[in-house]
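Quick notes on the structure that follows.
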Amino acid sequence: VVRMRTNIALIGFMGTGKTSVGRVLAVRLKKEFIRTDDLIAESAGKSIPEIFEEDGELRFRELETEVVKRISDKKGMVIDCGGGVILNRINVDNLKKNSRIILLTASPEAILERVLKDAEQRPLLETQDKLERIKQLLSLREPLYKRFADFEIDTSNLDVDQVVDKILEYLKDASV
Ligand code: S3P
């Protein structure tokens, strides 16, 4: 039986462009765009920062795992995964069922610049020395991101359309 992985799951650290790239990619592929963070906020009835603050990161991770499990049987979607989704192996196994996993990376400096610019709130980066915190978290997570990715793109010096084009190129080659 040929397994058709019709979803694209975007993984990678905060600020690597998953949301911006995912939206454009979904339009180009005529697929539905979903963000795990949106589904988590919806099911909790509060924002991501509120979940972290009131219920703790552990509760957030539980909700994240439920959401990923719930969407893992769906098809034809571009899934923007929260940066920590790879911390739980169950999430990766669930995503792998129907998704090609594409990793977006960026230098710590590019990540810092982007998270400072965008309006998204990141409870994990609520510290004095954000660059140091980014480097710390990256060094813990990098091996996981790389292990689980089918394809990887360094977005540090690329704009959204260039990243999307690279993904489309990869998909064209991968599907033959
Ligand atoms: C997190 C990343 C966030 C969000 C939450 C935790 C992480 O998503 O899920 O704040 O652990 O890296 P983005 O990667 O979309 O910012």
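Could you go through region 107-114 and let me know if any residue there is in contact with a strand residue (DSSP E or B) (Cβ under 7 Å, 6 or more places away or on another chain), touching a residue at least 24 places away in the same chain (Cβ under 8 Å), away from the ligand (no atom under 14 Å from the Cβ) and not aliphatic (A, V, I, L, M).
no
Given the residues 113, 132, 169, 126, which is the only one that is more than 25 Å from residue 49 (Cβ to Cβ), surrounded by fewer than 17 Cβ atoms within 10 Å (Cβ to Cβ) and more than 14 Å from the chain's Cα centre (by Cα)?
On inspection, the qualifying residue turns out to be 169.
Taking the condition part of a helix (DSSP H, G or I) and within 13 Å of the chain's Cα centre (by Cα), does residue 93 pass?
It is false that residue 93 is part of a helix (DSSP H, G or I) and within 13 Å of the chain's Cα centre (by Cα).
Tally time: how many residues in region 137-158 are open to solvent by 20 Å² or more (accessible area, probe 1.4 Å), away from the ligand (no atom under 12 Å from the Cβ) and part of a helix (DSSP H, G or I)?
Here the count works out to 5.
For residue 164, state whether it is modelled with pLDDT of 95 or more and crowded, with 18+ Cβ neighbours inside 10 Å.
yes
The values are calculated or read from the model by the stated rules, or taken from the named source; none is laboratory data. No experiment lies behind these values; they were computed from the predicted model shown. Neighbour counts are summed over all protein chains in view; Cβ atoms, including those assigned to glycine, are modelled from backbone coordinates with ideal geometry. To get the accessible areas, we keep the full protein, side chains included, count just its heavy atoms, and leave off ligands, DNA and RNA. Shrake-Rupley method; radii C 1.70, N 1.55, O 1.52, S 1.80 Å.
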